1. I want to verify a result. In a Gaussian network model of the chain, Cα cutoff 10 Å, which of these has the top mean-square fluctuation: ASP51, ASP156, ASP193?
2. Is the chain rounded, prolate or oblate when judged by the Cα gyration tensor, a ≥ b ≥ c being the square roots of its eigenvalues, rounded requiring a/c under 1.5 and prolate requiring a/b larger than b/c?
3. Give me the percent relative contact order of the stretch 41-191, please, defined on Cα pairs under 8 angstrom at least 6 residues apart.
4. Under 5 Å between amide hydrogens, which residues at least 5 positions from LEU140 or on another chain qualify, with H placed 1.01 Å from N in the peptide plane?
5. Taking only the alpha-carbon positions of the stretch 89-145 and ignoring solvent, what does the Debye formula give for the base-10 log of I(q)/I(0) at q = 0.18, 0.19, 0.23 Å⁻¹?
6. Within the stretch 24-231, count lysine pairs with alpha carbon atoms under 24 angstrom apart where the residues are 8 or more positions apart or belong to different chains.
7. Explain nothing, just the number: relative contact order of the chain, from Cα pairs under 8 Å at least 6 residues apart, as a whole percent.
8. Considering only the other residues whose Cβ falls under 10 Å of the Cβ of VAL166, what net charge follows from Lys and Arg at +1 and Asp and Glu at -1?
Amino acid sequence: MRRPTQRETNPFPYSDTNKRYHTFDYYLRKRYGGKCAVIPLDAGFTCPNIDGTKGVGGCIYCSERGSGDFAPSPDLPLLEQYLIQRAKISEKWSCVGFIPYLQAHSNTYAPAPLLAPIYELLGTLPGAVAVHIATRPDCLPPDVTRLLRALSQKIDLTVELGLQTVNDETAKRINRRHTFDEFRAGYDALRSDVPRARICVHLIDGLPGETKSDMLASAETVGRMGADEVKIHLLHVLAGTPLAERYARGEYTPMKMEEYVAAVAEQLTLLPPSCVVGRLTGDGAPDQLIAPAWSRKKLAVIDAIDRLLYEKGWTQGSRLDNP
Ligand code: SF4
């Protein structure tokens, strides 16, 4: 008799494959009826942790393009950035919809009159089914959340907030320049002022000085706050960053692959099953990545996480007391 496959025996309810966690792909297929492609855009904003308002130099891992290395140049109009990428993607895949993503720097950090036409454009891009906007939790004043609310009434909106860790001591080490309490205030303001928006929280594993229990605490806290989506990244050492200087001086050791795989698998068990997992690896631009080299093999990392979850009999949320 044939042995049942991992897919057939997968007990996780938010999956129709062997994945034991709630993938973004699954969420998109259920929500929009097929494959959707994310299109990174760069509106040319900056960040209060770079321009001196909160700090200078940025978070120690932040790339020159404010973690928006896969978007076209901000010199191109946003509509053109979108249309060019949509055409390229459409040559390769058949998608039912596209998701413009303002990723680089802090995309709510500008006067509301400047943001308003940009958000309006995002809500009307041809073929777009949803919009994602990444920002800092301390860049959400009421006149900006009003604009986000208006956008969320036209199109599905996800606001992506950078947290990285709940540990304020680590936050100082990475020069994040906001506390967990400030994150919480921004998160709560978004929930109350923009109730239709999904909230996605970014975490980074392998931050300097962090232990696995810090990483687990961050995942569990964000899950218990009710985040709609979580993106888990590996800390990459990218050329030209303060982290690269520390690494060159021998002051920072990146995680080993098996450490990362073990930490992520455990983090997944602490996230509620309904929370979408937007990402399980980082995405360092290949020409800027200094370390760790193993992170270039993203599929091998994802496979190892899947294997560990299967071997342990774990699924997303399986070790939460009240999932
Ligand atoms: S908050 Fe984001 S854009 Fe600003 S410095 Fe940190 S990583 Fe870069």
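1. Result for the chain, Cα springs under 10 Å: ASP51 fluctuates most.
2. Numbers: a/c = 1.43, a/b = 1.14, b/c = 1.25.
Verdict is rounded for the chain.
3. On the way: 208 pairs, mean separation 37.4, N = 151.
Relative CO of the stretch 41-191 lands at 25 percent.
4. Amide H neighbours of LEU140: none.
5. Computed log10 I(q)/I(0) values: -0.67, -0.73, -0.94.
6. Lysine pairs meeting both conditions in the stretch 24-231 amount to 11.
7. On the way: 582 pairs, mean separation 56.9, N = 323.
Value for the chain: 18 percent.
8. Counting the neighbours of VAL166, the net charge comes to -2.
The values are calculated or read from the model by the stated rules, or taken from the named source; none is laboratory data. Only a predicted model underlies this, so the values are computations on that prediction, with no experimental measurement involved. FYI the Cβ positions are ideal-geometry reconstructions off the backbone, even for glycines, and counts take in every protein chain you see. Keep in mind that these areas ignore ligands, DNA and RNA; they rest on the heavy atoms of the full protein, side chains included. Shrake-Rupley method; radii C 1.70, N 1.55, O 1.52, S 1.80 Å.
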